[in-house]
Every structure is written in C-alpha cells, then in structure tokens.
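Participant: Right, I'll just put the structure down here and ask away after.
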Amino acid sequence: MEKDKDIYFMEIALQEALKAEKEGEVPVGAVVVKQEKILSIAHNQVIQLADPTAHAEILALRQAAKITGNYRLLDTELYVTIEPCLMCAGAIMQARIKRLIFGAFEPKMGAFGSVLNIKDFNLNHYLEIKSGIMAQEAQALMQAFFKKRRGTEVDVTGATRNRLVL
C-alpha cells in the first residue's frame, strides 16, 4: 500500500459519509479492516431504517460480525469519520476492536475524549485509539451538512435567521 494506511481507509470512510449526506443522513462513514483488507463499510442510516441504532459504526460492526461468523472482531481496526458516541463506544468495546481510528472529535456526543472517555472506565478490553486522521475534511463535511440542513431565511425586515430543515 503506497499511501499511509490510516489515510487510505479514512478516505474510504469519508466517501461512505458522502453517501449518507446524499441520503439526508448525518454524514458519518465507517470501515472495518482486518489485515489491511476491508471487511465492511457502512454509513449512518437512522432515518432510512427508522432505527436509532443504525449509526455507521454499528452497521459496519454488524456486517463484519456476519462475515467473520463471530461477534468478537479480534485483530480488527475501525475507521470512523467522527468520534463515536457512547452507544457505539459500547459496541466497539464488546466487539473487541483492536484499534479505533477516527477523524474529528464530536463535542456534543463523543465518547472517546469529548464528552467523556470510555477508556476512563475500568473495562476488560484495551483499545488503541488514534484521532485526527483527516479531521478537517470530516469536520467540514459535518459543518456543511448542518449548515445546509438548518439553512437560513430572510424575514420581512431583511434580517437572517436560522431555520431547521427536516
């Protein structure tokens, strides 16, 4: 692999996040890798599947577990564009992911350093974490998505105000 492997797989996760954006979902992508081979790729689908657990990480872990025939995804790496939330952090720990690589921190829901750090708990699994891989690209994608979703409108006085577009 010519390119740094973390950048290579994060680029794939970002491409997957773009699919989520096109579907009107929060643009998060995830890739599960074992021995530098992709096991699964997923993006957020909470709206499309009407499932609050259909985060990119959860869907990627489910697919990888089916492919391997084991819920324990030993010696795997998970690439995610945005810092996982607490729900996803629990699933990552249960799956025994060896290494988590994520792009941008998530200051409102992040469970690997932003709101809390799952590693501060006395858990029975050690997880290597690397953050900041293509963080600017991941953050820009999220910011553009929410700016577009909220939109702006001009009222009769000419002032602008935010509006939420669902």
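Participant: When the residues of segment 17-30 are filtered to those that are crowded, with 23+ Cβ neighbours inside 10 Å and not small (Gly, Ala, Ser), which remaining residue is nearest to ILE133 (Cα to Cα)? First the steps, then the outcome.
Facilitator: Within segment 17-30, the first condition is being crowded, with 23+ Cβ neighbours inside 10 Å, and the residues that meet it are 17, 20, 27-30.
Now narrow it down to the ones that are not small (Gly, Ala, Ser): 27-28.
Details: PRO27: 16, VAL28: 14 Å.
Per the stated criteria, the residue is VAL28.
Participant: Considering only segment 54-70, I want to know if a residue exists there that is outside any strand (DSSP E or B) and closer than 22 Å to ASN122 by Cα.
Facilitator: Taking segment 54-70 and keeping what is outside any strand (DSSP E or B), we get 54-70.
Restricting the remaining residues to those that are closer than 22 Å to ASN122 by Cα gives none.
The answer is no, given that none of the residues of segment 54-70 is outside any strand (DSSP E or B) and closer than 22 Å to ASN122 by Cα.
Participant: Within segment 1-30, work out how many residues are within 17 Å of CYS88 (Cβ to Cβ) and of a type in the set (A, V, I, L, M).
Facilitator: Number satisfying all stated conditions: 7.
Participant: I'm told VAL32 meets every condition in (1) modelled with pLDDT under 95; (2) under 23 Å from LEU141 (Cα atoms) except one. Can you identify the failing condition by its number?
Facilitator: (1)
Participant: Which number in (1) among the hydrophobic types (A, V, I, L, M, F, W, C); (2) closer than 18 Å to ALA89 by Cα; (3) under 12 Å from the mean Cα position of the chain (by Cα) marks the one condition that VAL33 misses?
Facilitator: Of the numbered conditions (1) among the hydrophobic types (A, V, I, L, M, F, W, C); (2) closer than 18 Å to ALA89 by Cα; (3) under 12 Å from the mean Cα position of the chain (by Cα), the odd one out for VAL33 is (3).
Participant: Of everything in segment 76-131, what is farther than 18 Å from ALA42 by Cβ, open to solvent by 20 Å² or more (accessible area, probe 1.4 Å) and in a strand (DSSP E or B)? Give them in sequence order.
Facilitator: Correct list: ASN117, GLU128, ILE129, LYS130, SER131.
Participant: Please go through segment 37-53 and give me each residue that is in a loop (DSSP other than H, G, I, E, B) and of a type outside the set (A, V, I, L, M, F, W, C), ordered by number.
Facilitator: Within segment 37-53, the first condition is being in a loop (DSSP other than H, G, I, E, B), and the residues that meet it are 44-53.
Scanning segment 37-53 gives ASN44, GLN45, GLN48, ASP51, PRO52, THR53.
The values are calculated or read from the model by the stated rules, or taken from the named source; none is laboratory data. Every value quoted in this text rests on a predicted model; they were computed, and no experiment measured them. Backbone-built Cβ (ideal geometry, glycine too); neighbour counts: all protein chains shown. Surface accessibility is based on the protein's heavy atoms, side chains included, excluding ligands, DNA and RNA. Shrake-Rupley method; radii C 1.70, N 1.55, O 1.52, S 1.80 Å.
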